[in-house]
Every structure is written in structure tokens, then in C-alpha cells.
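This report refers to the structure that appears directly beneath it.
The values are calculated or read from the model by the stated rules, or taken from the named source; none is laboratory data. In this text, all values refer to a predicted model and were calculated from it rather than measured experimentally. When we count neighbours, we look across all protein chains shown, and the Cβ atoms used for this are built from the backbone with ideal geometry, even at glycine. All accessible areas refer to the heavy atoms of the entire protein, side chains included, with ligands and DNA or RNA removed. Shrake-Rupley method; radii C 1.70, N 1.55, O 1.52, S 1.80 Å.
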Amino acid sequence: MKILHITAHLGGGVGKAHSSLISADALFVRRHYVLLEEPRDTRYAESLVKSGATLTITPSKATILQLAAEADIVQIEWWNHPRLYHCLCENDWPVMRTLIWCHISGLTPPLIPPALLPIADRFMFTSPCSLALLDRTSLPAASRARIGVVNSGFGFTARQRRKGITRRDGSVAYLGTVNFSKMSRDFFSVVDDAGDSKLPVAIWGSIEDKGEVIHAANAMRRRERVRFMGHAADPASVLQEAQIFLYLLKQDHFGTAENALVEAMSCGCAPLVFPNTPELAIVTDGETGYVAENADDAARRLRWMRENPAEIEAIGRNAAEHVAATRLPVYSATAFARLYGELLVREKRRVEFRAVLGTTAADWFMGTRNPFADDQSVSPTPGDSASKGTLSHFLSCYPQDESLLELAAASG
């Protein structure tokens, strides 16, 4: 069975998910990945090739359409990347069986265009939290029946974890995106207010030397309570050394399956999170971690967690057992194999993406915004081009596009 994946790239969560999935694939599944831009980080792409997948990077329009026509199923790895919009809307697609796997929650901007949900043969979210979107639509029952969930966040297996690593009582770590596009701005005040500790909170992840996060850390009353560790070359070992995983994210963050959180739990870390919908789909308060209602509550809970290592060690064991029972690659690979089997009996059909996504780059971008929000500012900001799905990101891909330039000028 030939599965053609169309994806902007294989970095971050989508690359990690697929490099894990392919290791659990059924023998009859053959995967071919079309990357719409050159990969900046080649680790996952190289891993997929070693596992037997085929990669085609930035192919011509004719090549993409030929591969789509030859595939048994075309799987679109969806998030609001401008190159993916361009690929879907600028091509006249052949008849095909389509499956969309959505790698954003869609609960907050970037939103998922509602008309995209029923357009494919099957539409799969990566977290059950996104099913709440169906309550905001008027989709008929037949369309809702084609929408489901296949998890994309996987824990580390026993083989991936190192033996003999000892975690220190009260040790705290954060690993993930180290900027305020995802982290809560209360992160450092929580650490400040949680009281003193011999062990600073270890923050793992790449960071700008003079960015907002560093500024916020430097404004702490006790700056020594956090330590920036940089990129984690071996995340499993880093997480095995920590007893508490301090994963305080902003309320409207763009995450969904939360790989870092799931990986930390698989290593026996007890997480402390805010009550954001994606995290609540993973952590059960008092059983597999703790959910703090606000910053004051988080500081109080963090202090208690540090002072009660035996209880926290037990919560960490619960977390690891929960991940092993629910979030292994084989479960998602099996779910996809079942979906592929169901799709194979369907006739191929033509899909008109531009009819639901729009015909201009400005249409594509504005389709991800909340039309009812009070703040409708979409102006590009300096240094914002790396933030996926922003207007600056769209302009960095298509700097001469007239619709985007008009939008930027009007927002000016």
C-alpha cells in the first residue's frame, strides 16, 4: 500500500511523530514523503529514510501530481504553513483518496478553517481536545463520522531510556519551546514564589541570548533559581534525571499532542501544568500529575512537590504507566492501518482545496484568524518570521505576493 505524505517539512513534532510511527508500521505500508521546503533539521528525515521511507524534497508541480495519482492514499500533514496552502490551492489535483492529519489543536489561532474538516475522506486530529471544535460547527452526522483522533505524541520506550540514571529529590526541569509563543509569562514568577531550593530549575531548549525569556529571568528576585541548559542532545537522559516537569504554558498556545510532556511522563517525571485543554487531555490531577489553576496555585504546588519527594515519585510512576498504556507508536500505527484499510475500498475522487481555503495568500492567512476577536492586528513584527503561521512567516515565503503586501499595509 503506497501512502504519499505531503508536508511542509519534517521538523519538530511532525518529524518526531513519523519517525516513531514508521518503526511500528505494518509490512504492507510503504511511505513516501514530499517535503515542500528544504529541511533545516535533517534528523527525522534521515531516520525515515533509514527505516525504508522515500523522500522527495521540493519537487516540481508535475512530480507532485504524478505521485498523488499513483498513490493509494494521499495523507496531508496539516498545519497553517504557507507552503502547504500554496501546494494545495495552486494545483489541480487528480482523483485521490485523502486523509488529513492535523498537527495543531485549532482551539485558538491558528484556527482550522471549518470547511476543511469534511473535505477529505477522513480528517484526524492529534489530540481528543480538538474534538471540541465540532460543537462550534453545523456539520451533519455523516461528516462528523469521518472525523477522529490519532495520537502523535509518544513516550520514550525502555530501550530509549538509559539504565542507572538516578533522579535527585526535588529536581525540576522544563524542556521544549523556550519562548513566550508557548511558555506562560508566569513561569519565572512561579519559580520565584515557590521558595528557595538547592537545585535550580533546569530549562532545556534553544533560546535567544537577548530575547524576552532571558529578560524575564533576569527580572526575577532570585535569578539563581533557574538555569538555562541549552539544547538537549539526549532528552531521555535529561528527563530521567528530573523528578518534576514544570510545564507551564500560555493559555492560547498552539500545541496539541505535547510531545515534551508525554516524553517527560514516560521517564517518570511528575508534571505540573496549567488547565489548558491540550494538557488536560494528558494529565489527570492528583493521579498522573498536578494541574494548577493559576500562578499562585502553581507556586504553592511546586513548593509542596519539592518538599514531598516520595509522593511525587509515586505520581511519576503513575505517569509512566499511563503513557505506556496509551501513547506508544504501535497504537497510532495500528489506528492508521485500520484507516488505510477503510479508505482503500473507496473510489478516488477530486478535491478542490481552493474552494474552501481561498485563492490568495491573504485568504489563507486570514482563514486562521479569529474573526470575532477584539484585537484584529495582524501586522508583521521584526524577528517574527520564525514563528510559524504568522503574517511575517507568510511574507518570508512569498515576499512579493500582492495580497499579503496589501494586508500588511492595511494592518500597518
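Below is a table of values for the structure above.
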quantity: Residue check, F156 in contact (Cβ under 8 Å) with a residue 40 or more places away in the chain and under 21 Å from M265 (Cβ atoms); calculated: yes
quantity: Residues of region 353-375 that turn out to be touching a helix residue (DSSP H, G or I) at 6+ places or on another chain (Cβ under 9 Å) and loosely packed, with under 14 Cβ neighbours inside 10 Å, as a count; calculated: 2
quantity: Flag if A68 is closer than 24 Å to T54 by Cβ, small (G, A, S) and not in a helix (DSSP H, G or I); calculated: no
quantity: Pair list, Cβ < 9 Å and 6+ apart or interchain, from region 102-122 residues that are within 19 Å of E279 (Cα to Cα) and touching a residue at least 12 places away in the same chain (Cβ under 8 Å) to residues that are among the acidic types (D, E) and part of a loop (DSSP other than H, G, I, E, B); calculated: L107/D252; T108/D252; P109/D252
quantity: Region 43-61, residues that are assigned to a helix (DSSP H, G or I) and either free of Cβ contacts under 8 Å to residues at least 24 places away in the same chain or more than 23 Å from the chain's Cα centre (by Cα) (or both); calculated: E46, V49, K50, K61
quantity: Hey, R306 surrounded by 15 or more Cβ atoms within 10 Å (Cβ to Cβ), under 26 Å from R161 (Cα atoms) and out of contact with any Pro (no Cβ under 8 Å at 6 or more places or on another chain) or not; calculated: yes
quantity: Residues satisfying the stated conditions in region 179-214, i.e. of a type in the set (A, V, I, L, M, F, W, C), under 16 Å from D296 (Cα atoms) and in contact (Cβ under 8 Å) with a residue 40 or more places away in the chain; calculated: F187, V190, V191, A194
quantity: Tabulated pairs, region 237-256, first under 19 Å from R317 (Cβ atoms) and open to solvent by less than 20 Å² (accessible area, probe 1.4 Å), second among the polar types (S, T, N, Q) and modelled with pLDDT of 95 or more, C-beta under 6 angstrom, 6+ apart or interchain; calculated: A242/S171; Q243/S171
quantity: Residue match in region 85-97 (condition: more than 21 Å from F365 (Cβ to Cβ) and part of a strand (DSSP E or B)); calculated: yes
quantity: Residues being open to solvent by 80 Å² or more (accessible area, probe 1.4 Å), more than 13 Å from N80 (Cα to Cα) and at pLDDT 60 or above - total across region 376-404; calculated: 2
quantity: Subset of region 40-99 (residues that are open to solvent by 30 Å² or more (accessible area, probe 1.4 Å), within 26 Å of R338 (Cβ to Cβ) and of a type in the set (S, T, N, Q)); calculated: S47, S51, T54
quantity: Boolean, T126 is among the β-branched types (V, I, T) and either at pLDDT below 95 or loosely packed, with under 15 Cβ neighbours inside 10 Å (or both); calculated: no
quantity: All strands (runs of 3 or more DSSP E) inside region 158-235 with 1 or more residues being surrounded by fewer than 17 Cβ atoms within 10 Å (Cβ to Cβ); calculated: 226-230
quantity: Every pair of residues 6+ apart whose Cβ atoms lie under 7 Å, when the first sits in region 136-149 and is hydrophobic (A, V, I, L, M, F, W, C) while the second is at pLDDT 90 or above and assigned to a helix (DSSP H, G or I); calculated: I147/L134; V149/P128; V149/L131
quantity: Tabulated pairs, region 62-73, first in contact (Cβ under 8 Å) with a residue 40 or more places away in the chain, second part of a helix (DSSP H, G or I) and open to solvent by 30 Å² or more (accessible area, probe 1.4 Å), C-beta under 9 angstrom, 6+ apart or interchain; calculated: D72/L344; I73/L344
quantity: Residue in region 141-157 that is out of contact with any strand residue (DSSP E or B) (no Cβ under 8 Å at 6 or more places or on another chain) and among the basic types (K, R) present; calculated: yes
